[in-house]
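Following: one structure in structure tokens, then a few remarks.
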Amino acid sequence: MIILGIDTSCDDTSAAVVADGHRVLSNVVNSQISLHHPYGGVVPELASREHIRNIVSVVKEALSRAKLEVKDLDGIAVTVGPGLIGSLLVGLYYAKALAYVNGIPLVAINHHEGHILSIFLEDDVPPFPFVALTVSGGHTSLYYVKGFGKYTLMGQTLDDAAGEAFDKVAKILGLGYPGGVVIEKLARSGQKDRINFPRAYLGPDSLDFSFSGLKTAVSLYVKRWHQNKEKRASVQLADIAASFQEAVIDVLVKKIMKAREMSGVDSMVIAGGVACNHVLRERLKDIASENGILFSYPRSEYCTDNGAMIALAGYHRIIKGEQADLSIDARSRFPIQDLAPS
Ligand code: KG4
Ligand code: ZN
């Protein structure tokens with residue numbers, strides 16, 4: 001079964017062709033990083049206009065790399081939310097038109113589900129159940145994953161997402177966008193224990209996150225640092241980056257381990273853009289091997305937003321007979337609890 005997956009939830013125009021919910025025949029991502037770079041973050045209006053410019057060529061490229069035509073598709077899976085509404089609408093209406101004109105079944109996908117399932121694009125897949133931490137620019141959530149379509153939200157961020165904190169702190173430090181990549185690179189030459197930034201654990205049993213206080217703490221520290229010549233001589237920008245990154249990672253690691261312990265499973269998965277971070281991966285790898293836990297993460301191109309994870313999620317819904325009505329609308333907010341069980 002051949003599924004085309006389309007995702008335009010944020011700033012990447014993505015389309016992919018996936019066979020039988022696993023074999024990626026093509027995965028095309030048109031990044032808008034250079035467009036948003038001068039603003040230090042995604043500008044929604046610019047993002048949706050850029051999606052309009054690119055959607056046709058990105059889908060064409062995905063089909064051409066897969067050596068297939070529209071008539072070969074058994075289904076079209078498209079992200080309907082959550083995300084930037086103007087951006088979502090571009091992918092959704094393009095997918096609707098393509099499905100309607102060619103008589104192909106359409107299936108509506110929740111972006112969170114795509115990230116949770118992205119590990120199944122790899123050859124080594126974890127057995128169910130497992131705990132998944134999806135951590136990106138738009139979300140930081142913990143799920144108990146019992147099977148395809150069977151997710152229980154265990155905790156989520158109460159304010160900023162972890163990737164958003166990386167992006168905002170990179171802007172404060174004058175490092176550019178996207179923040180995660182530049183902070184990770186700079187942090188390599190910094191001392192991670194140079195500054196003790198706050199970690200919001202929100203109580204011993206909480207699985208929720210909060211990163212806005214950390215962002216404010218970095219902002220206040222940087223203001224004082226700029227004003228104080230002696231401080232600038234003893235603390236490098238790289239030390240601030242490394243200490244900030246360490247604070248985020250400490251919280252993420254502690255929470256996923258707590259979620260694993262509370263749910264009693266011995267397998268954990270991370271996904272989403274922040275899951276590209278090598279320090280986070282290495283830390284969890286070490287802890288997992290010390291504790292006899294299975295730890296998995298998808299390759300980086302499947303961690304950041306992509307159409308392949310949407311096609312994969314679509315496959316598991318289409319084989320169960322699910323199909324979206326052409327009147328379906330985009331949703332800027334789309335909690336996983338609202339998903340129809342597949
Ligand atoms: O999953 P994604 O592509 O888009 C969303 O759904 O948000 O994630 C993008 C986020 C950005 O906030 C970016 O700063 C972060 O992932 N990110 C990283 C790294 N690479 C990307 N954060 C930390 N370390 C990285 N290496
Ligand atoms: Zn995402």
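The values are calculated or read from the model by the stated rules, or taken from the named source; none is laboratory data. Every value quoted in this text rests on a predicted model; they were computed, and no experiment measured them. For neighbour counting, all protein chains shown are included, and Cβ atoms are generated from backbone atoms with ideal geometry for every residue, glycine included.
Among the residues of the range 1-43, those that are within 16 Å of ligand 2 (Cβ to nearest atom) and small (Gly, Ala, Ser) comprise Gly5, Ser9, Ser14, Ala15, Ala16, Ser31, Gly41. If the condition is being more than 26 Å from Ala241 (Cα to Cα) and either within 14 Å of ligand 1 (Cβ to nearest atom) or of a type in the set (Val, Ile, Thr) (or both), then the range 277-312 contributes Ile293, Asn306, Gly307, Ala308, Met309, Ile310. For the range 292-342, which residues satisfy the criterion of being surrounded by 24 or more Cβ atoms within 10 Å (Cβ to Cβ), in a helix (DSSP H, G or I) and hydroxyl-bearing (Ser, Thr, Tyr)? Matches in the range 292-342: Tyr302, Tyr315. Whether any residue in the range 250-265 is surrounded by 12 or more Cβ atoms within 10 Å (Cβ to Cβ), of a type outside the set (Phe, Trp, Tyr), in contact with a strand residue (DSSP E or B) (Cβ under 6 Å, 6 or more places away or on another chain) and not in a helix (DSSP H, G or I) is what I want to check. Yes: the range 250-265 contains one or more residues that are surrounded by 12 or more Cβ atoms within 10 Å (Cβ to Cβ), of a type outside the set (Phe, Trp, Tyr), in contact with a strand residue (DSSP E or B) (Cβ under 6 Å, 6 or more places away or on another chain) and not in a helix (DSSP H, G or I). Just so you know, in the range 33-73 the residues that are in contact with a helix residue (DSSP H, G or I) (Cβ under 8 Å, 6 or more places away or on another chain) and of a type in the set (Gly, Ala, Ser) include one that is farthest from Arg23 (Cα to Cα), and it is Gly40.
For the residues Phe209, Phe130, Phe166, the requirement of being under 22 Å from Asp11 (Cβ atoms), touching a residue at least 24 places away in the same chain (Cβ under 8 Å) and crowded, with 22+ Cβ neighbours inside 10 Å singles out Phe166.
Flag: Leu46 does not match the condition of being within 17 Å of the chain's Cα centre (by Cα) and in a helix (DSSP H, G or I). Give the residues of the range 266-304 that are out of contact with any helix residue (DSSP H, G or I) (no Cβ under 9 Å at 6 or more places or on another chain) and either touching a residue at least 24 places away in the same chain (Cβ under 8 Å) or within 16 Å of ligand 2 (Cβ to nearest atom) (or both), sorted by residue number. Scanning the range 266-304 gives a single hit, Gly292. Taking the criterion of being aliphatic (A, V, I, L, M) and surrounded by fewer than 22 Cβ atoms within 10 Å (Cβ to Cβ), the residues of the range 85-101 that qualify are Ile85, Leu89, Ala97, Leu98, Val101. For the range 43-69, enumerate the residues that are under 19 Å from Leu92 (Cβ atoms) and in contact (Cβ under 8 Å) with a residue 60 or more places away in the chain. Matches in the range 43-69: Ala62 only. It is to be established whether one or more residues within the range 81-96 are in contact with a Leu (Cβ under 8 Å, 6 or more places away or on another chain) and at positive phi. Within the range 81-96, one or more residues are in contact with a Leu (Cβ under 8 Å, 6 or more places away or on another chain) and at positive phi. Restricting Gln236, Gln245 to those that are within 20 Å of Lys215 (Cα to Cα), within 16 Å of ligand 1 (Cβ to nearest atom) and not β-branched (Val, Ile, Thr) reduces the list to Gln245.
Considering the range 102-127, and only residues there that are closer than 22 Å to Met262 by Cα and surrounded by fewer than 24 Cβ atoms within 10 Å (Cβ to Cβ), the residue that is farthest from the chain's Cα centre (by Cα) turns out to be Pro127. Do we find a residue being within 20 Å of the chain's Cα centre (by Cα) and either modelled with pLDDT under 95 or more than 10 Å from ligand 1 (Cβ to nearest atom) (or both) anywhere in the range 269-276? Scanning the range 269-276 turns up at least one residue that is within 20 Å of the chain's Cα centre (by Cα) and either modelled with pLDDT under 95 or more than 10 Å from ligand 1 (Cβ to nearest atom) (or both).
Screening the candidates Glu122, Glu164 for the property of being in contact with a Gly (Cβ under 8 Å, 6 or more places away or on another chain) and over 20 Å from Thr79 (Cα atoms) yields one hit, Glu164.
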